[in-house]
Structure formats: C-alpha cells, structure tokens
1. Quick one: net charge around Glu345, please, counting Lys, Arg +1 and Asp, Glu -1 for every other residue with C-beta under 13 Å from its C-beta.
2. In cubic angstrom, how much convex hull volume per residue do the alpha carbon atoms of the stretch 358-434 span?
3. Starting from the Cα of Lys102, draw a straight line to each of the aspartates and glutamates and keep only those under 13 Å, dropping any in the same chain fewer than 8 residues away.
4. Considering only DSSP states other than H, G, I, E and B, which trypsin sites (Lys or Arg not before Pro) in the stretch 300-343 qualify as loop sites with at most 16 other Cβ atoms within 10 Å?
5. Cross-link partners among lysines for Lys164, C-alpha distance below 17 Å, same-chain residues fewer than 8 apart left out?
6. Could you work out the relative contact order of the stretch 417-500, using alpha carbon pairs under 8 angstrom and six or more residues apart, expressed as a whole percent?
7. Which whole-number percent gives the relative contact order of the stretch 333-388, counting Cα pairs below 8 Å spaced six or more residues apart?
8. Cut-off under 19 Å on the C-alpha distance; same-chain residues fewer than 8 positions from Lys307 excluded. Which aspartates and glutamates are left, in chain and number order?
Amino acid sequence: MDTALLLALGLLAQTPSIRLGPECCCPLWSTLLSPLGPQSPDPGLQASTVSFTEQLETLVSAWLTLAPRRPSTLYPWRRPPALGRVRRAWVIPPISVSENYKGLPYMLVQIRSDKRQPGGVIYSIQGPGVDEEPLGLFSVEKFSGRVFLNAELDREKTSSYRLKVFALDRGGSVLEEPTDLEIVVVDQNDNRPAFVQEVFAGRVLEGAAPGTYVTRAEATDADDPDTDNAALHYSILAQGSPELFSIHERTGEIRTVHVGLDREAVTTYNLTLQVADMSGQGLSATASAIISVDDINDNAPEFTRGKLLMEVTEAVSGVDVGRLEVEDRDLPGSPNWVANVTILEGDPEGHFGIRTDPRTNEGVLSVVKPLDYESHAHYELRVSVQNEAPLQAAPPRAQRGQATVSIRVQDVNEAPVFLENPLRTSLAEGAPPGTFVASFSAQDPDTVQLQRVSYSKDYDPEDWLQVDGATGQIQTRRVLSPASPFLKDGWYRAIVLALDDGEQP
Ligand SMILES: [Ca+2]
Ligand SMILES: [Ca+2]
Ligand SMILES: [Ca+2]
Ligand SMILES: [Ca+2]
C-alpha cells in the first residue's frame with residue numbers, strides 16, 4: 001500500500017461518512033474539490049453516498065492531482081506519477097451538483113491544461129447538455145476554462161452527463177487528447193411517494209389465523225432508489241378498533257394480527273394506509289384498503305321452535321303439511337346458510353318428505369305417500385337440520401338442531417268400495433219378474449265412523465231391475481224383451497250406486 005493510500009485511509013478513519021456534493025463532510029475532500037456543487041437549496045436534500053471503494057479510489061486520485069491546486073480547479077489531463085510497483089487507474093472525479101439548484105449561472109469547476117501556449121489555451125466542451133439535447137445546460141468560458149451550469153437540473157430526467165473536454169490552441173489545433181468530464185446530478189427529495197392504486201382490495205376468511213396474508217399495498221417514488229429519498233415506509237393510519245391488521249413497513253403486505261375476524265359481526269374493514277419516504281419521515285401519501293371478510297360455515301342452522309304441531313288429511317299425496325322455520329347466521333343463499341332438514345325417526349313407511357324453500361330457507365314438510373287415518377292417526381317425527389356445507393369451526397353446540405313435529409291425521413269420508421266391480425252374472429231368457437239377479441255388497445273404508453251404506457240405481461234404461469236400498473239385493477221387475485235395443489250381444493248393462501251417510505269431506 002502506498003503512502004497516499006495510507007494517508008487517505010487515516011483520514012477516512014476520522015470521517016465516518018464521505019459524501020460527494022454540496023453536503024461534503026470530509027475536510028480533505030472539501031479542500032480538494034470544494035465547491036463541487038452548490039450548497040443544498042433545500043434542507044431535505046440528501047447527497048448520494050457512493051461505495052467505500054469508489055470513495056477511496058476517487059479520493060486518492062483527486063488528492064494526488066489536486067492537493068496543491070485551487071479547490072475548484074481540475075486538471076483533467078494531468079496524470080499521477082507511478083507510485084511504487086502499483087500503477088493505479090486514473091479516474092477523473094465526477095462533478096456533483098444538486099438537482100433543482102436555482103443560483104444560476106453556477107460555476108461547477110474550472111478545467112485547466114498544463115500546456116503553455118502563446119495566446120493561451122482555448123477550452124471547449126461538447127456532449128449532451130451542451131451541443132446535444134438538452135441544449136445549453138452547460139457552457140465553458142473558452143479562456144478561463146470555467147464550466148457553468150445554466151439551467152435547473154432534474155435528476156429524474158437525467159441523472160448524469162458525460163461531456164467531452166477539449167484544449168485547443170488559438171488556431172483550433174488540439175493541444176490535448178479530448179477527455180471525459182462526468183457531471184453527476186445529486187438527488188433531492190422532490191417526489192412524493194405515490195400509491196399505485198387509490199384503493200387496495202383484499203379478502204380474508206373469517207376466523208383466519210394471525211399472520212394470514214390479505215393483500216399488498218404498493219407505492220412508487222421517482223427519486224433515487226439508492227437514497228433515503230425513495231426509501232418507502234408503509235403504515236396503517238386508521239383501522240378502527242380492535243386493530244386486526246398490520247402492514248409490513250417495507251413490503252406493504254397486509255396481514256391479520258389477531259384472531260377475531262367474524263363476518264357475522266363485521267363484513268368489511270376500511271383501512272387508511274400511509275406511505276412516506278425518508279424511511280417514514282419524509283413526504284407521504286395515503287390510500288385505502290378495503291378488506292372483505294369471507295364467510296365460513298361457523299354457525300349451525302337451528303329450528304326456531306323445538307316442537308311443532310301440524311295436521312293433514314288422509315288419503316292425499318303431494319300436499320304440504322307445514323313449514324319448519326330455520327335460522328342460520330351465515331351468508332344467506334350460500335351453502336353455509338342453506339338448510340337441509342331430514343327426518344330422523346317417526347316415519348318408517350316413508351309417508352313424509354321435506355324440501356327446502358330456497359327463498360325462506362324453511363323446511364317444507366309434505367306427504368309423499370297417502371296417509372290412512374284408520375291405520376295411523378298420529379305421527380311424531382324427529383327432524384334435524386344441517387347446512388349443505390359442513391361446519392368448519394367448532395361452534396357452540398346448536399340448541400335447536402333437532403325438533404319434534406306432531407302430526408295429526410284428519411279423517412275424511414271415503415266412498416264405499418264395491419268388492420267386485422264390474423259384477424257379471426247371467427239369467428235365463430224370459431226370466432219372470434222377481435227373479436234374483438245379484439247381491440251387491442260395498443264396504444266403507446271409514447271403519448272408525450259409524451256409517452250406513454245404501455244402494456240405488458243410477459242407470460237401467462229398460463227399467464228392468466229393482467234394487468233393495470238397504471241390502472243391495474237386485475231382482476227383475478218384469479220380463480226383458482229379447483228385442484230390447486239395450487241388449488248388446490246378450491249383455492244388459494246397469495249401474496248401481498252405493499252411498500254412505502257420512503258428511504261430504
Ligand atoms: Ca421521494
Ligand atoms: Ca429527486
Ligand atoms: Ca351455517
Ligand atoms: Ca360465518
């Protein structure tokens with residue numbers, strides 16, 4: 001290691017942070033290059049920090065070249081002497097200047113050549129910012145070599161300029177090889193961070209464990225990402241109470257922090273988010289996060305009544321008996337809410353069925369197989385209710401997951417039934433009046449009611465027959481002419497009615 005390097009290291013040890021530009025805090029650096037840039041026009045201005053190796057290399061080179069010279073003068077064509085066996089690469093230190101500087105025109109540096117020339121050396125510069133777009137930012141006084149900044153710079157448009165520097169004689173001949181001069185624009189915190197969306201939407205299942213990812217807020221900052229000017233810090237300004245969400249200060253990820261998300265209590269959370277640069281101390285912006293809590297089936301359905309009384313008439317099918325009202329706190333219309341009512345016991349022959357009314361979520365009890373009052377006048381059904389979806393959490397045991405439905409079957413007056421129908425019999429041709437024809441016997445299914453069955457003629461076109469209303473016995477009244485038009489192939493057709501004396505249902 002050479003002497004200059006040792007010296008530089010010694011200085012660095014006393015100087016914990018070396019910065020280029022207006023806020024230069026290294027005494028040696030200030031002596032060598034000051035003023036390389038203007039004083040910060042804004043207290044928020046932060047100079048860019050370069051890596052330690054770059055600092056050291058630049059510092060050593062600059063010190064070797066510039067130590068004995070005026071601070072604002074740069075000798076771009078002067079090479080350092082070889083020190084020992086190590087030849088270091090020659091680096092012209094960049095000129096740093098803050099963006100947005102308004103004290104114009106501002107002298108950045110004075111370039112000098114060691115060449116002695118009658119009539120003096122003529123300096124000239126070329127490149128972007130001079131004779132290429134954007135034109136006229138920089139200029140040089142041709143005799144003094146003083147380089148000026150003529151307009152405000154915007155680092156977010158162009159962060160550095162590389163100019164060509166020429167030294168010529170009066171006749172325009174090149175005295176020195178053209179060399180590069182780099183001007184680095186130092187960032188100022190002149191850009192507020194901005195969220196990429198006004199509203200960030202997120203969804204989370206109720207009952208989610210702490211640490212569950214919900215959504216991610218994202219913001220940008222146009223300032224130099226290597227500086228604090230664009231070091232973003234996210235926070236939640238407001239979220240109500242209790243505070244169930246947190247945001248990662250660097251990534252913007254929003255997660256749950258506590259248990260207790262309950263859709264049945266709160267469906268949506270509205271968070272106010274903030275992002276601030278300077279690691280949270282600088283310019284800020286706000287946005288919202290709308291977090292929807294998705295339903296899980298954490299409530300068992302319940303009957304509103306534990307005992308129900310219903311009535312239904314016998315002998316019919318497909319009629320509704322009654323409705324079982326069900327409550328479920330989960331999301332209406334969802335499988336977590338829809339009730340399925342089933343019959344547990346009390347209907348061994350399968351007379352009843354239960355369907356769900358999709359609008360009211362009631363269980364609708366109906367008769368699917370006709371009932372018979374005379375054989376089974378009362379049913380006691382045990383029914384239970386479940387959701388379409390299985391229960392997910394371990395909810396408190398449902399108080400009314402089952403109910404009892406008492407069903408009274410109502411008797412109806414059923415018509416008497418002929419045991420043999422039609423009844424066929426035969427008589428000799430020309431049978432005399434009073435000949436026994438047949439004896440009808442109809443049975444009334446209403447065995448529990450005391451009903452009497454009576455008989456009468458309904459159809460007897462030749463008025464040939466006589467019916468005993470009480471017994472159902474039939475005799476002929478007269479001789480039937482073989483030529484009767486009502487004899488068809490030898491058959492005579494008559495209709496007999498059986499009537500009970502019960503009331504009409
Ligand atoms: Ca910023
Ligand atoms: Ca900036
Ligand atoms: Ca439910
Ligand atoms: Ca729920």
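1. After counting each charged neighbour, the total is -2.
2. 212
3. Asp42, Glu152, Asp154
4. Here the sparse-neighbourhood loop sites are Arg305.
5. Lys142
6. Result for the stretch 417-500 is 36 percent.
7. Over the stretch 333-388, the number comes to 50 percent.
8. Answer for Lys307, where 19 Å is the Cα cut-off: Asp320, Glu325, Glu327, Asp328, Glu345, Asp347, Glu362, Glu380, listed by chain and number.
Laboratory data are not the source of any read-out in this text; all were calculated from the coordinates shown. If you're wondering where the values come from, they're calculated on a predicted model, not measured in any experiment. Reconstructed Cβ throughout: ideal geometry from the backbone, glycine too, with neighbour counts over all protein chains shown.
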